[in-house]
């Protein structure tokens, strides 16, 4: 090392400030621990300087230029090294920025979430950015030094992991409780509600470290394109099956649509207009047939209920073990339930009255 380098190094030891390359860091640790008295410490308007020894905050200094003397800074007395004749104190000096830091990017998987419409478990992701601000520099440093993450890069990495953890847990909880369709969630329909819930959870969690999340930006929940295509198809099928009265009816209607599409293609070879007409007629035919099948099924169910009611009524009148009053009571219950008609009830009642 040359004489000029030695002089430069010696001069730097007499002035302490945040390094130029660290201007955009939330936490900057001054590299020297052995600091001379009467050294000048410069603190910018948007930061504080904190003195830490053995993991304990000894004191802090706000914005301005400070001569590090025990007369000006009383807490330095506890840091003096007696073996140096009182000319040197040992401490870790941290510069903590207190302004808002925007556009801190984060993201990661939420995990498999069950879509309430289709029942499928779909892998979901969340990503975006947030702005953060240190609200209590001493609390932040004590927590970070205890975690041995007082380096700026380590702190940012750790903090983003905490944001992702809380965000992931809150989103998963919301999707389960609210039963929101995943396609609506990924479209951004519930972004405002989700952000509000996540902010509330983060406020409680990050306050213990003296940091607050000010706002989110570009907050996005997404799924893979192939999963989105699958959900769209299945959601469409579910909606159509409801219109048709059930999945079986929808399947029958789809079969009719397939047949009609084949007819439409055949007609399309002879003219585009006829092919389109057949296509439209096929769609109407498909849903019409689905409705017809549904009506037939309902008629069959009603007929089976009537037959069951008649069998019960016949058994009631033929059973010699039961009293006439019991049979009359059963007949009345069947009539009230709508399982036998008024005429059937009166006829059976007249037969039973003859037995009295």
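Calculate the tail of P(r) for segment 101-226: the fraction of all Cα-Cα distances greater than 25 Å, expressed in %.
28 percent
Once you put a point 7 Å from the Cα of residue 306 and another 7 Å from the Cα of residue 65, both along the Cβ direction, what distance in nm separates them?
Those two pseudo-labels are separated by 10.5 nm.
Over the Cα atoms of segment 33-89, each weighted equally, I'd like the Debye log10 I(q)/I(0) at q = 0.13, 0.14, 0.15, 0.18 Å⁻¹, rounded to two decimals.
-0.31, -0.36, -0.41, -0.60
Between residue 14 and residue 165, take the C-beta separation as r, use R0 = 45 Å, and let me know the FRET efficiency to the nearest 0.05. Could the numbers behind the result be given before it?
Numbers: r = 45 Å, r/R0 = 0.99.
Here the calculated transfer efficiency is 0.50.
Please report the Cα spread of segment 76-147 along all three principal axes, rounded to whole Å, starting with the longest.
77, 23, 15
At 0.36 nm per residue, and after removing the present C-alpha to C-alpha distance, how many nm does the segment from residue 346 to residue 148 gain when stretched out fully? Spell out each step's value before the answer.
Values: separation 198, 0.36 × 198 = 71.28 nm, distance 9.03 nm.
Additional length available on full extension: 62.2 nm.
Just to be sure I understand the model, the point goes 7 Å from the Cα along the line to the Cβ. What's the resulting residue 234 to residue 158 distance in nm?
For the pair residue 234/residue 158, the computed spacing is 4.1 nm.
If r is the Cβ-Cβ distance from residue 125 to residue 90 and R0 is 51 Å, what FRET efficiency results, to the nearest 0.05?
0.60
Between residue 329 and residue 191, what is the label-to-label distance in nm when each label sits 7 Å out along the Cα-to-Cβ direction?
The modelled label-to-label distance comes out at 6.7 nm.
Read-outs throughout are calculated quantities, based only on the coordinates presented, and are distinct from any laboratory measurement. Fair warning: this is a prediction, and the values are worked out from it, not measured in the lab. So basically every Cβ, Gly included, is an ideal-geometry build from the backbone, and we count neighbours across all protein chains shown.
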